Structures are given as C-alpha cells and as structure tokens.
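The values are calculated or read from the model by the stated rules, or taken from the named source; none is laboratory data. These figures come from a predicted structure and were not determined experimentally. Please note: Cβ atoms are built from the backbone with ideal geometry, for glycine as well, and neighbour counts cover all protein chains shown. For accessibility, only protein heavy atoms count, side chains too; no ligands or nucleic acids. Shrake-Rupley method; radii C 1.70, N 1.55, O 1.52, S 1.80 Å.
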Amino acid sequence: MSRKLLAAALIGAAVTTPAIIAEAALSLDARYDSGVQNEDGGTTEIVAYNPHSHATYVVNGETKKIEAISLNYTKDEAMNLKPFLSIDIAKTIASFDQTFEYGDLTSITVHPKENVIAVSVQAKGYNTAGYAVVLTGEGKLLGATKVGSQPDNITFTTDGTKLLTANEGEPREGYGKDIVDPKGSISVIDTANGYDVLTEETLFFDAFDTPEKRAELVADNVILKKNTNPSDDLEPEYIAVNEASTKAYVALQENNAVATIDLTSNEVVSVKGLGFKDHSKPGNEIDLLKDGKIDIKNESYFGIYMPDGMATVSINGKDYLITANEGDGREWGDEDSENFHLNEIETEEEIVTYDTSGYDGFVDGQDYIFGARSFAIFDAETMDVVFDSGSDFETITAKHHPEHFNASNTNVKLDNRSGKKGPEPEDVKVGKIGDEIFAYIGLERIGGVMMYNITNPASAKFEDYLNLRDFSDEIAGDVSPEGMAVITKEDKQQLVVGHEVSGTVTVLNVTEEPSVFKDIKNHPDKEAIVNVTKLGLFNGINETTFAPNKPFNRSHAALVLHRLSGTPASDVTNFNDVKAPATQVAVSWAVANEFISPVNNKVFGAAKPITREEFAVAVYNALKANGQITAAEAPAYTDDAKISAHAKQAVASLKAAGIMTGIDNEFNPKQSLTRAQAAVVMNKLVK
C-alpha cells in the first residue's frame, strides 16, 4: 500500500496542534551478544561504565573474565558490539599469590576521577578471605588486598578515596555442629596513599551480639536466625555510598535490613530493619496464584522488602536510599545432608512463604512472602519508607505483556512466577538529567527496565517501561537484567544493562521527548499512538486528549484508511450524516471501494462505533485491493463461531499477517473497536 499523507483536518473538526508535554522514554541504541546463554544466569551479569575511556566493563561469569566494550561505535556497529579488551583476573591474582584458590569474580567498580577499576573476587573456600584487585582501565595490575569472606559487591566512594566491599559470609555448607557460618563484614580500603600500598580494615557486627543489642534488632524487625549471634547471621549484599562520601549504606538482604557505615570513622553506626509491606492495603495489590490468569488483588500477606541493588541520592540536602526489593531465601548445604537448610514453604496454592519458625524479627500470626515486587525510597537517616511503587510493576507488565505476565527468565509461561516474587526487581540505578532525577529498575524475571521520575521522592512518577525480550522462545532477546550502569554526558543519559541469562548487554537511550497527549502517558499502546499521530493519520479529540479507550467510529475508520492510501474518490456521495468535506471524500472512497458499507443510500452511519470485525474487513479489503495480503481461511480464534461469515477470512488473514490480533485467543468480533486498537493496527501498516 503506497502511503501519501494528507494535510487533513482533525477528525470531525479543524486542524489543531497538540500540546507538547515533555516526558522521558527508553529506547535501544546498541547491543553486545556474548554468544553464551545460561538459564542459571551468571553470564554478562555485572556492568560498570568508565567515563575516562567511554567504555563499559562486563563481568562474564562463564569465562571468569572482564570484557571491555567501547561505546564509541558507529550506527552500523551498534547492534554488533565487540570487546576490545579481555582481562583474566584469575591469572592476574596468580601472578602475586599462587596459593589463592580462585572461586568467583563477583563485581566491578570504576574510580570516579581516574582511569582505574577494581574487582571483587571470592575464594573457592567459602570461609576463606577474598580479594579486592585494583587495575588500570587497560587491565594492568596496580594493587590488591585481602578482604572478608565472600566479597559480593565492590564500590569506590564518590570521592574516590576509599574502596568498599560487602563480604556476604553465607553458611554455604548449611547449619550444623561442625559447620562454620562465616561472619558477614564490610572491608574499607584506603586508596589515598596509592594503590600499591592499600590499607584495609574489615568491619564486623560483633558490637550487636550482646543480648540487649540483639533484642533491639529483633524489635526493629531485623530478621535473625534463632539462637544465633548477629555477627554470624548478618550478611552484607550490596553497598551504596552517599554523594558526600560520609556514609555507606549496606544491604543486609536476608535480614531485611540496612547497615549504615560512618566513613569518617570507619564504624558500623546502625543496623535498621526495613519493615514489611502490607499487601492487604489498597495500592499494594499482587497476583499470588499460579492459575494461568492475571488477577492482581489485595492479599493477606506481608512482603519482606529484602533489597538487592540499592542507590543513594541527595535531594534538597537530604539523603535517600533507593532499593530494588527482590527478596531472597536461605537455602544452604547439600539437600540430602542433615545440614541442609531451607526457609521456604510452598502452600497448596503454590504460594512460596517464609518459614518463620526458626527466625526472630517477625510478628506472630502474620504470613510473609519474599520481596515486595516494587522499588522503594527510604529516608536514609531513619529508614522510613517515603515512597513505594506498590502494585505498579505487575500492573504495568500485565498491560504490556498480557500473554506472558509474570513469566520467568527461563520460560515464557503466563503466571509462572506469581507464587514467588513476581517480576523480581533486581537492581536500581539513579541518574540526573538537568534538574530531573530518574530511577531505573531492572526486572529479573519477565525482563525489562522500569523508569521513574523521583525528583519529588514522596510522589515519584512512572515514566516508561522497555522490555526487549523476545517472547517467541523461552530464552531469546535480552533476558534477565542483573546489573546496570548510568552514563551521563552533557545532560544526555544512557543506561547500560547486563542480562545474565541471555548473555547480552544493551545500551539504552534515555530521552526527554514530546508526547502529544496527557492521557496516553502510561498506556501500553502509547508508542503506536504517538507514531500514527506524528504521521498525521490520527489526531486527538482536543489538544491534550487522545481518548485511547473511546470507541472508534465508522467515519474515523474511513478517514484514517483514506489518509494512509491517499487515493482520490472518483465521485463524492452526499450522505446526510457526513458534513465535513474531508470526511465526505474519505467516506465516498471507502464506500465506492466496498471497504465499508453504508447503512443505506442516504445514511452512512458516521457516528456509529465500528466493530472489530467491521474494521478487520475494511483493512483487509484495502490491503487486498493493493495485492498486499495473502488470504487465510482457517479459524483463528476460540470465538470464531461469533465472527460473521463474510468477515472470517479478513479476521484470519489479518491475524496470520500479524496486523490485527485478539486478546487471550479471542477476537471479540462484535465489540466496538477502541481508538487505541485502531492506532495499533494502523501503526503496523506503516512500519
């Protein structure tokens, strides 16, 4: 179908220029594919951006190496990025410590002011000290120091004078008489005197082991294993440093708590519980049942925040902590041994709950689930919740991907993760564009990145959701975002996302672009609506309103099809209910070509909503007239019997061509077509 756009009037009115409303959006700019997938994750897991070389570093769990990818790519290179550097950390450590048994490369960070990187490395022995290794951006060894057991995260302070590791200290062999539960710790490394003379101090939680201090933690809902010292049970997962480099906030994920470190004195000054999320309250709805349908509603369960990735931001002189509320169970040891430990219980409804019987810090009589299926903003001083995204993540993903809602990162089954952590927010990063502050949250399971404007922390606003997963296969496209990094250059922003299952890394553009209508900002068909509006095929009902869910009438259908085709009408028929000249031409064209039938010779039925099957017939006939569609006659939907005989071929053919489809395998032929649905179809015709 040739496309000749007409400078046509607003549907049913005069031309009106829509109001411009700035909003932020995400789009794909570049991609790196490692060529290795792993349904257990750990491929291209952690990323870090180096502003000194405009490159991103990727921790590759399969090769156990660091790969560096230049972001100075051309348009032709963008979808096929290649590493220019590979750093073998195991070999690097062996060059100065032949006795160290290499276990795992867990994290990477970039110095804020120098072309220097640092990585954390775990030893093979779970109770053995790990390493923090410092290198130039080109991979040359600068220095290294031992740190605590199982370093899981590493970060430079924002001023670059210190290097911190979160040493998790998990009891990986289980619990038992002769089994060691390593102490969790935070290593603080002074880099002020150079990297060849690193000064390391490891901070433990022994000060909280007194009965009084432990009781205070439990009263604050810090989750602790019964009859266990906090110094053994607290397990640092992730570190976020404030902008002033005076405080570090350490996620104690399994304990549902955050430790605050005073970086001026290198002391653990507090451990505070994050509380629980009441899913029975309005706004906190979830889908808990794996019943093959979307059913987001209030439930009598409490979510345990248990954040993984965290970020800090200072707004109006106040520090806030941004958390990705993933949730994490404790499964330790060999399943067949007496030391095995698992704190999950699965109900008959396949809801995974927390077995509270062996733990302190809970409220008796309440049922708990892992994670909060959200991101949250906490007052960093008090750890009070300032904002929680509530049910947003499930509500938004349900609208965008109704056939794969709550899918896992290893399959695309509808509802697969509803009973356990849902979309599972994994990491969060914060970036500033001018005076605006944005949070980006990666969803580990269904995939994709959520974007929120958090300039006003108490009333953060959803901006965009981008999911580049290909749901045509179990693992295809970009699956399971794990680590992210923000790039800010000259008030322009990009986001680097590492996907641990698909083995891919994407570079996303963050743009402030105009949206023509206020009422489509969070609509799942926003992209299609914006596109057809830009092309002049559609206009709104006024300057700021598109009315996406209102019925699309018969004269509207004639107008947009005629605008797309641009073919003149051979004769103008005067219908009593069609007054505007442009509409008269379009209606005459549609009737003459038998795309849309009039009510009678005098009445077209202009204001009457067009049904979905009527619109399918009109589109199909227009495509058929131009030889641009192949007929398909097989039944296409479960409600095929409700489709009129004359419309069956059109409906089946449009589905086969991917132009117009139903929902949940039903076409709903007699239902009125909405304006958004019409925009989606027309957008596919112009792509």
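Output yes when any residue across the stretch 592-605 is touching a Pro at 6+ places or on another chain (Cβ under 9 Å), touching a residue at least 40 places away in the same chain (Cβ under 8 Å) and under 26 Å from A676 (Cβ atoms), and no when none is. Yes, the conditions are met somewhere in the stretch 592-605. If you go through the stretch 54-102 and keep only what is at pLDDT below 95, surrounded by 13 or more Cβ atoms within 10 Å (Cβ to Cβ) and part of a loop (DSSP other than H, G, I, E, B), you end up with G61, E62, T63, K64.
For beta carbons closer than 6 Å, sequence separation of 6+ or different chains, a first residue in the stretch 607-636 that is within 17 Å of A676 (Cβ to Cβ) and a second that is charged (D, E, K, R), the qualifying pairs are I610/R554; T611/K670. Could you please give the count of residues in the stretch 521-542 that are part of a helix (DSSP H, G or I), within 21 Å of M451 (Cβ to Cβ) and not charged (D, E, K, R)? Within the stretch 521-542, residues that are part of a helix (DSSP H, G or I), within 21 Å of M451 (Cβ to Cβ) and not charged (D, E, K, R) number 4. Annotation: V501 fulfils all but one of (1) at pLDDT below 95; (2) crowded, with 24+ Cβ neighbours inside 10 Å; (3) assigned to a loop (DSSP other than H, G, I, E, B); the unmet one is (1). Taking the stretch 103-151, which residues are in contact with a Leu (Cβ under 8 Å, 6 or more places away or on another chain) and either without any contact (Cβ under 8 Å) to a residue 24 or more places away in the chain or open to solvent by 60 Å² or more (accessible area, probe 1.4 Å) (or both)? Hits for the stretch 103-151 are T136, E138, L141. Quick check on the stretch 621-634. Is at least one of its residues touching a strand residue (DSSP E or B) at 6+ places or on another chain (Cβ under 9 Å) and open to solvent by 30 Å² or more (accessible area, probe 1.4 Å)? Checked the stretch 621-634: no residue is touching a strand residue (DSSP E or B) at 6+ places or on another chain (Cβ under 9 Å) and open to solvent by 30 Å² or more (accessible area, probe 1.4 Å).
The stretch 277-363 holds strands (runs of 3 or more DSSP E) entirely within its bounds, and those carrying 3 or more residues that are not charged (D, E, K, R) map to 302-304, 310-315, 318-324, 352-354. Quick check, is T573 modelled with pLDDT of 85 or more, out of contact with any Lys or Arg (no Cβ under 6 Å at 6 or more places or on another chain) and among the hydroxyl-bearing types (S, T, Y)? Against the criterion (modelled with pLDDT of 85 or more, out of contact with any Lys or Arg (no Cβ under 6 Å at 6 or more places or on another chain) and among the hydroxyl-bearing types (S, T, Y)), T573 does not qualify. Can you find even one residue in the stretch 650-658 that is over 24 Å from P524 (Cα atoms), at pLDDT 90 or above, surrounded by 22 or more Cβ atoms within 10 Å (Cβ to Cβ) and touching a Leu at 6+ places or on another chain (Cβ under 8 Å)? Within the stretch 650-658 (the criterion being over 24 Å from P524 (Cα atoms), at pLDDT 90 or above, surrounded by 22 or more Cβ atoms within 10 Å (Cβ to Cβ) and touching a Leu at 6+ places or on another chain (Cβ under 8 Å)), the answer is no, since none of the residues qualifies.
Residues in the stretch 159-180 that are over 17 Å from V134 (Cβ atoms) and surrounded by fewer than 23 Cβ atoms within 10 Å (Cβ to Cβ): E170, R172, E173, G174, Y175, G176, K177, D178, I179, V180.
Residues of the stretch 409-425 that are open to solvent by 10 Å² or more (accessible area, probe 1.4 Å) and over 13 Å from D287 (Cα atoms): T410, N411, V412, K413.
Output the residues belonging to the stretch 274-283 that are surrounded by fewer than 21 Cβ atoms within 10 Å (Cβ to Cβ) and farther than 17 Å from G365 by Cα. Across the stretch 274-283, the qualifying residues are K281, P282, G283. As for the stretch 368-387, it holds no residue that is among the small types (G, A, S), surrounded by fewer than 19 Cβ atoms within 10 Å (Cβ to Cβ) and in contact with a Lys or Arg (Cβ under 9 Å, 6 or more places away or on another chain).
What about I475, is it modelled with pLDDT of 95 or more, over 21 Å from P524 (Cα atoms) and either open to solvent by 20 Å² or more (accessible area, probe 1.4 Å) or basic (K, R) (or both)? Yes: the conditions hold for I475. Flag not set for S120, criterion: closer than 30 Å to N242 by Cα and within 24 Å of the chain's Cα centre (by Cα). Which of the residues that make up the stretch 515-548 are touching an Asp or Glu at 6+ places or on another chain (Cβ under 9 Å) and within 25 Å of E614 (Cα to Cα)? Across the stretch 515-548, the qualifying residues are K526, V530, G540, F546, A547, P548. Taking the stretch 395-408 as the region of interest, how many residues are part of a helix (DSSP H, G or I) and buried (at least 22 other Cβ atoms within 10 Å of the Cβ)? Qualifying residue count, the stretch 395-408: 1. When V218 is tested against (1) buried (at least 19 other Cβ atoms within 10 Å of the Cβ); (2) touching a strand residue (DSSP E or B) at 6+ places or on another chain (Cβ under 6 Å); (3) assigned to a helix (DSSP H, G or I), exactly one condition is not met: (1). Taken as a whole, the structure places I46 among residues that are aliphatic (A, V, I, L, M), open to solvent by less than 70 Å² (accessible area, probe 1.4 Å) and more than 19 Å from L141 (Cα to Cα). All of (1) part of a loop (DSSP other than H, G, I, E, B); (2) hydroxyl-bearing (S, T, Y); (3) under 16 Å from I186 (Cβ atoms) hold for T228 with one exception: (3).
Just one of the numbered conditions (1) open to solvent by less than 30 Å² (accessible area, probe 1.4 Å); (2) closer than 30 Å to V430 by Cβ; (3) touching a Ser or Thr at 6+ places or on another chain (Cβ under 9 Å); (4) not charged (D, E, K, R) is not true of T264: (1).
Results for (1) modelled with pLDDT of 95 or more; (2) surrounded by fewer than 24 Cβ atoms within 10 Å (Cβ to Cβ); (3) on the phi < 0 side of the Ramachandran plot, shown as yes or no for each residue.
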| position | (1), (2), (3) |
| --- | --- |
| L443 | yes, no, yes |
| T455 | yes, yes, yes |
| V479 | yes, no, yes |
| I487 | yes, yes, yes |
| D491 | no, yes, no |
| D519 | no, yes, yes |
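Going by what's in this entry, would K318 be described as out of contact with any Lys or Arg (no Cβ under 7 Å at 6 or more places or on another chain), among the basic types (K, R), at pLDDT 95 or above and crowded, with 21+ Cβ neighbours inside 10 Å? Spelling it out, it is not the case that K318 is out of contact with any Lys or Arg (no Cβ under 7 Å at 6 or more places or on another chain), among the basic types (K, R), at pLDDT 95 or above and crowded, with 21+ Cβ neighbours inside 10 Å. Based on this model, can you work out whether D152 counts as charged (D, E, K, R), assigned to a strand (DSSP E or B) and under 36 Å from the mean Cα position of the chain (by Cα)? Yes; evaluated as a whole, the condition is true for this residue.
Taking the stretch 166-205 as the range and being part of a strand (DSSP E or B) and closer than 30 Å to S337 by Cα as the test, the residues that pass are A166, N167, S185.
I'm checking my understanding of the structure. Among residues of the stretch 249-271 that are in contact (Cβ under 8 Å) with a residue 12 or more places away in the chain and not in a strand (DSSP E or B), which one is nearest to the chain's Cα centre (by Cα)? The qualifying residue nearest to the chain's Cα centre (by Cα) is Q253. Of the listed requirements (1) assigned to a strand (DSSP E or B); (2) farther than 30 Å from H523 by Cβ, D40 misses just one: (1).
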